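A quick write-up on the structure given underneath.
The values are calculated or read from the model by the stated rules, or taken from the named source; none is laboratory data. All values derive from a computational prediction rather than experimental measurement. Neighbour counts are summed over all protein chains in view; Cβ atoms, including those assigned to glycine, are modelled from backbone coordinates with ideal geometry.
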Amino acid sequence: MSKVKVSIEGHYEVQQTSYGKDYLWQPAHALIECDCGRVMDVDEHHTICPNCGTEHAALMRQVAGRHLSDDVLHPWHRDYDEWQRFKEGRGEYQEWLEQRALDLDEEAKDTA
């Protein structure tokens, strides 16, 4: 019976750049010990043991199929929410929203 020694869920790696953050998706993978004794790194695309030819796709689906939290799937939401709170606290943003609402009202009146 093959067994999972180590599993790593899919996740984003965050890299700082000169213009902000870059999020790179890293798919789930696992270190599996095959029945033949070979230990190998398996991902969604590489599931066959090179030693004996055993298919480990079902075992990999168990590793990759776990439900991921919103923080794992969308790590930028926290940064976006923080930026949104900062922006809303500034007076010029409120003025822009009010002016935009007035402009939209005028456009609606003009088309009616």
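Tabulated data
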quantity	calculated
Residue ID - modelled with the lowest pLDDT, chosen from residues in the stretch 52-74 that are surrounded by 12 or more Cβ atoms within 10 Å (Cβ to Cβ) and more than 16 Å from Lys3 (Cα to Cα)	Leu68
Selection count, the stretch 18-38, where residues are loosely packed, with under 11 Cβ neighbours inside 10 Å and over 15 Å from Pro75 (Cβ atoms)	3
Looking only at the stretch 96-112, and only at residues there that are at pLDDT 75 or above and hydrophobic (A, V, I, L, M, F, W, C), the one that is farthest from Glu9 (Cα to Cα)	Ala108
Test result for Tyr93, assigned to a helix (DSSP H, G or I), of a type outside the set (D, E, K, R) and at pLDDT 80 or above	no
In the stretch 3-46, residue modelled with the lowest pLDDT [restricted to those that are touching a Ser or Thr at 6+ places or on another chain (Cβ under 8 Å) and assigned to a strand (DSSP E or B)]	His29
